[in-house]
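The values are calculated or read from the model by the stated rules, or taken from the named source; none is laboratory data. Given the structure is predicted, the values throughout are model-derived calculations rather than measurements. Reconstructed Cβ throughout: ideal geometry from the backbone, glycine too, with neighbour counts over all protein chains shown.
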């Protein structure tokens, strides 16, 4: 048995390494690759993807996983060994259902769709995307149908990213949250708009970068096992547990973009850097779900990075870094600026309160499109109407409407968005639990100390990688299940204080 | 047949892409990888190497090449198709003789040896390298013996890098060259040493980089299909014909290092960038031999980049870039400084005249070690003696003696060095031929125009990639065979004028 287990690990390590090699190719493409490298890089990425898929769906791997079933059952559920077999089997059984030619066709289609979108969005040309998006929707239904027995056709797609969640459970959760968010946003909208002009002075590039690096180094991002580079869209990527990189972008006329995207991506990265080194080279060496991953980026970005206590510590340093821009701006005013709530067009630029309304709109459309109760043809108009209803403002065009997010244009329709709001909900739930265990955490922040919080997150979440599912992680870390209460309380407390109601 | 030819191309494209993916991993490791990434990267590089080796030695590939023999014979020798089959077969027949387990063992050994060398060299610890180097020598003999029928045991190893050359032909060539070089170096050494103190002021990093980029852009390096980054040791690497990158390093207290290494690597890169795009994704899309490759780096670095005419054009710009350092230095003195001849310890820092003596010493030792007429144990002492004899100075230690070059410590012993001197010889031969065809080339340089020279090299050398062997390229480009005459004439003319004898 031990021989077979070693063979399993060797196979899984190759699959993991191929995935990581693909990540290096993608990182280079986004950071440094010259224009002439594009055509060959697409081919190279496809080749690595194909090799990884072949090895991931090799029938010998399936056989090995079958053979190891009794070994797995003889071991404790939470042992590394049993977890490895269990999680590898889950991945294998998922991948093996999708015929590899369909997978290849989809990758080719998705690549074309993405390329077209990079031009169609700036050109505000939804018509150009329509046939491609229709094909994407066909693929999405096809993929879902490889997993028969679902309650809702979106369920298998949700499962890919947030294992264990279903359309019905997400819908219920979102309805509860919406009921709390809408009155909160309403209450805030009756107050005068916060003034964030102090963030919109000229902030030189290098100083922004250096300040951001200083901050995340102090939060616990390990630059010996990572680095930061510039890209058009910020992201986190991993080549091994010893090399977890982040990227950012800089707007010299807006301080908020680089700083908060840096903290956001460092949250994703600290999760991956915190995984136990013993899990390296296995499918366990990854964050466990989209929602739990996003909970870490949002926890560090918002609950920590937009908090009063955090800035009590960091603001003097920020002021001395940018004396002309912020020297005369009071902490109170800066704090209001970085927490300005305003109904706006773009999800990624939305504040904490309205952000989830953007997600819910997209999630609902995904379900309707998959069900067939909404057609791609009618999507732009439906977006327009729903947006106006939810936000009270109308998107002036499709560019900042239905075309704004890359997800549907580079991947499947379905399962792409719920993780963002699940992450917000979980961020507050985990943070509340950490503070329950260590009441000094908020005061520590005022002193620039984040190690107690970081250690709690590492102990309860990060170290496990994918050993446990999202709901198991929540259960273990909080002794309970997913709940919106801490998140609603966090938002209500913070914003009622800020806006004085 | 066309079906089989298409299958061959598809297989070769995968092999080529795997090689290029490995190059991306290596480039990242040398440029940006954080320390924590090392262990996994070694594993990932080995995996790609192993996949490439499997595909390169697949018996089905051999079968295909056999089947295509009559098709090849039906086509003109210099057609892309016949060349592809011919060159692919040569590569296949070479690789397939080395058992893949021996290849894997050697890679593992070479990696360990290299790691040890990075510490042993600074520590001046040859004793630590000795057993490793002995194993390397055993591997080198073993590899050579997979190709029985050689005249000298070094021949197969020379063949790997400079196809068609043998120990005897290199030895003869080097003896002829030596006969001319020694008196020239002798004559120079009776003259007062040139003063290069003007190169040793403080030259800020960014300005050095910008100036170097400006220069190579004007020579013809295409930044749309390449880029330059910083590394410890400068190199050129290629991910596709559309992405040919170079690296450099900067010493702020010495102007010569960054500038000339930049031009040197751009020479390698212009060769690769100049290969016809139709050859992309095939084994033809590479420079044809170590010697021809080095001829291009040395041609641009020395014959162009250290010439009077080149600096007549660029010196005013260099002066205005560094007014404090060079404002008062006359062009004559700068020209003497960058062409200072001095017997010195380090090959890579040697001037044009003494450089080849460093190469010849190493080449002779490679032959003796492989023959068994010199043992690794006696190598340091032999180095010391020979160096004193050839250069009139004694290396004070092994660090700057037998340990100085990475080659024997990261690869085989044998075949590693002759390409450098072959490159020097060829650089002058090609340049003379280009000037014969376009007499305006030297004057063009005074005007900062390099396109005629670049176009001649592209037409006669670059575009062909590996379609033709080195000797075929020489034959086609010069209507003759390899000859030291143009090189000896170049050196004699330049340095007798410089040193006034």
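Listed values, structure above:
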item: In the stretch B:415-434, the residues that are in a helix (DSSP H, G or I) and closer than 30 Å to residue B:137 by Cβ; result: B:418, B:419, B:420, B:421, B:422, B:423, B:424, B:425, B:426
item: Any hit, the stretch A:192-205, residues being touching a strand residue (DSSP E or B) at 6+ places or on another chain (Cβ under 7 Å) and either more than 14 Å from every other protein chain (Cβ to nearest Cβ) or part of a helix (DSSP H, G or I) (or both); result: yes
item: The stretch A:215-234, subset at the interface with chain B (Cβ under 8 Å from one of its Cβ atoms) and outside any loop (DSSP other than H, G, I, E, B), residue surrounded by the most Cβ atoms within 10 Å (Cβ to Cβ); result: A:225
item: Residue that is modelled with pLDDT of 95 or more, away from chain A (no Cβ under 14 Å), surrounded by fewer than 17 Cβ atoms within 10 Å (Cβ to Cβ) and under 24 Å from residue A:43 (Cβ atoms), where the choices are B:60, B:78; result: B:60
item: Close pairs (6 angstrom Cβ cut-off, 6 or more residues apart or separate chains): at pLDDT below 95 in the stretch B:189-216, surrounded by 14 or more Cβ atoms within 10 Å (Cβ to Cβ) anywhere; result: B:191/B:499; B:194/B:336; B:194/B:340
item: Out of A:282, A:237, sole residue that is part of a loop (DSSP other than H, G, I, E, B) and either within 13 Å of chain B (Cβ to nearest Cβ) or under 17 Å from the mean Cα position of the chain (by Cα) (or both); result: A:282
item: Residues (in contact with a helix residue (DSSP H, G or I) (Cβ under 8 Å, 6 or more places away or on another chain), surrounded by fewer than 21 Cβ atoms within 10 Å (Cβ to Cβ) and not in a helix (DSSP H, G or I)) located in the stretch A:459-483; result: A:480, A:481, A:482, A:483
item: For residue B:265: the one exception among (1) farther than 30 Å from residue B:90 by Cα; (2) away from every other protein chain (no Cβ under 14 Å); (3) touching a strand residue (DSSP E or B) at 6+ places or on another chain (Cβ under 7 Å); result: (1)
item: Positions within the stretch B:1-53 being more than 27 Å from the chain's Cα centre (by Cα), more than 10 Å from chain A (Cβ to nearest Cβ) and modelled with pLDDT of 95 or more, in sequence order; result: B:3, B:4, B:5, B:6, B:7, B:8, B:9, B:10, B:11
item: Residue B:309 more than 17 Å from the chain's Cα centre (by Cα), farther than 18 Å from residue B:255 by Cβ, at pLDDT 95 or above and surrounded by fewer than 17 Cβ atoms within 10 Å (Cβ to Cβ); result: yes
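Yes/no matrix, rows are residues, columns are (1) closer than 25 Å to residue A:364 by Cβ; (2) part of a loop (DSSP other than H, G, I, E, B):
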position: A:77; (1), (2): no, yes
position: A:102; (1), (2): no, no
position: A:106; (1), (2): yes, no
position: A:123; (1), (2): no, yes
position: A:127; (1), (2): yes, no
position: A:135; (1), (2): yes, no
position: A:157; (1), (2): yes, no
position: A:160; (1), (2): yes, no
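Quick grid of which residues meet (1) within 17 Å of residue B:23 (Cβ to Cβ); (2) touching a residue at least 40 places away in the same chain (Cβ under 8 Å); (3) touching a helix residue (DSSP H, G or I) at 6+ places or on another chain (Cβ under 8 Å); (4) surrounded by fewer than 23 Cβ atoms within 10 Å (Cβ to Cβ):
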residue: B:262; (1), (2), (3), (4): no, yes, yes, no
residue: B:265; (1), (2), (3), (4): yes, no, yes, no
residue: B:276; (1), (2), (3), (4): no, yes, yes, yes
residue: B:288; (1), (2), (3), (4): no, yes, yes, no
residue: B:291; (1), (2), (3), (4): no, yes, yes, no
residue: B:298; (1), (2), (3), (4): no, yes, yes, no
